[in-house]
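Remarks on the structure that follows.
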Amino acid sequence: MKTGSATLPLHGGKVPRWLFSKMKELSRALMEAMLIEYSPEEILKHLSDPFWFQSLGCVLGFDWHSSGVTTTTMGALKEAFKDLNAGIYVCGGKGKASLATPEEIRNIGYRTGIEVEPLIYTSRITAKVDNTAVQDGYSIYHHTIVFTTSGDWCVIQQGMNEENGMARRYHWVSKEALDFVNEPHKGIISDGFTKPLNMVSKESEESREVSTEIASLYPEKTIGELKKIRELVLPERHLILLSDINIRRLIKPLELAFDRQPENFENLLGIRGVGPATIRALALIGELLYGKHPSFKDPARYSFAHGGKDGIPYPVDRKNYQRSINFLREAVSCARIGEKERLKALQRLAAVDS
């Protein structure tokens with residue numbers, strides 16, 4: 001399921017080299033401690049929780065709300081899991097690194113024997129849903145998938161909106177009978193709500209069905225209907241803008257859809273070349289000609305341990321940071337020989353009601 005998302009302000013700059021080095025150390029120590037208490041699958045569930053993930057970013061000392069929390073935390077975890085031999089793998093990253101995700105998954109598959117095609121499909125369809133089926137103004141620029149040797153996975157990806165200067169992080173986690181295009185959200189975290197075209201809402205079920213049917217029609221007929229619609233005056237509440245749709249550019253993706261004859265909306269969404277404009281156009285035809293309304297509800301809805309890189313709420317305390325790393329390392333070493341008092345102390349602290 002999709003477990004949620006978080007909306008964060010876009011911040012420029014890079015994490016200081018010394019801080020990222022410490023983030024990698026602490027990430028490894030934290031994951032070692034968690035692996036004593038939790039299975040790899042349970043760790044994925046933790047990472048897929050947007051609140052837990054945000055807290056992890058705060059503990060690592062990067063920043064309490066910056067968009068960089070996502071990229072640096074995932075970068076540190078990617079390096080940490082390389083050294084742990086825990087059966088947990090991280091692929092992808094920011095920009096060009098996100099495009100290399102399929103190749104990274106295949107390379108791990110060659111080494112471990114993990115079945116890679118379902119993971120590659122998951123990586124692609126989750127990005128397509130958040131970039132195309134949920135049109136909230138945030139374009140995906142960071143994508144990572146974390147998976148185990150048993151094939152369980154979680155996806156953490158982030159989009160940016162240059163107009164409002166914000167980023168939004170999306171979390172997914174695997175489950176049985178997962179439906180990628182019908183109510184995949186468990187919860188969304190957002191500072192600023194939008195009114196997106198939300199084609200994965202339960203309310204959009206009929207719109208998804210009619211969009212798939214329209215996409216299977218001969219393209220010239222669909223284009224003809226769009227030209228008729230352009231002559232209509234739409235009510236102010238209508239959030240699909242005709243100015244967003246260039247009819248001439250729709251011909252090729254509609255031809256691709258017609259050739260494929262998609263069986264359902266997920267198949268339609270998975271066709272290369274079918275992007276946001278195509279989905280908006282099909283939803284528009286479905287609403288105005290067939291009365292099947294899509295949803296415009298936004299699917300969306302911090303703590304400190306070591307400070308933040310910008311000195312907010314206070315500068316990173318290097319000595320305290322190192323103490324935390326040392327404490328976790330010692331706790332893990334003791335736990336491996338049966339002495340779990342330090343880890344139990346952390347559990348008692350976690351149970352304190354703040």
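The values are calculated or read from the model by the stated rules, or taken from the named source; none is laboratory data. Only a predicted model underlies this, so the values are computations on that prediction, with no experimental measurement involved. Note that we place each Cβ from the backbone using ideal geometry, even for glycine, and neighbour counts take in every protein chain shown.
Odds and ends about this structure:
- The single condition from (1) surrounded by fewer than 22 Cβ atoms within 10 Å (Cβ to Cβ); (2) over 24 Å from residue 15 (Cα atoms); (3) out of contact with any His (no Cβ under 8 Å at 6 or more places or on another chain) that residue 34 fails is (3).
- With respect to being outside the structural domain of residue 46 (by TED's automatic domain parsing), modelled with pLDDT of 80 or more, touching a Leu at 6+ places or on another chain (Cβ under 9 Å) and closer than 17 Å to residue 129 by Cα, residue 207 fits the description.
- Filter result for the condition that a residue is of a type outside the set (A, V, I, L, M), surrounded by 24 or more Cβ atoms within 10 Å (Cβ to Cβ) and either assigned to a helix (DSSP H, G or I) or outside the structural domain of residue 44 (by TED's automatic domain parsing) (or both), over 98, 123: 123
- Test: residue 323 is out of contact with any Asp or Glu (no Cβ under 7 Å at 6 or more places or on another chain) and modelled with pLDDT of 65 or more: yes
- Selection of segment 96-121 for residues being of a type outside the set (Asp, Glu) and touching a strand residue (DSSP E or B) at 6+ places or on another chain (Cβ under 6 Å) yields 98, 101, 105, 108, 119.
- Residue within segment 81-91 that is closer than 30 Å to residue 199 by Cα and of a type outside the set (A, V, I, L, M) present: yes
- Unmet requirement for residue 103, which otherwise passes all of (1) modelled with pLDDT under 90; (2) assigned to a helix (DSSP H, G or I): (1)
- Scanning segment 263-288 for residues that are under 20 Å from residue 130 (Cα atoms) and in a loop (DSSP other than H, G, I, E, B) yields a total of 6.
- Count of segment 130-144 residues which are crowded, with 24+ Cβ neighbours inside 10 Å and of a type in the set (Val, Ile, Thr): 2
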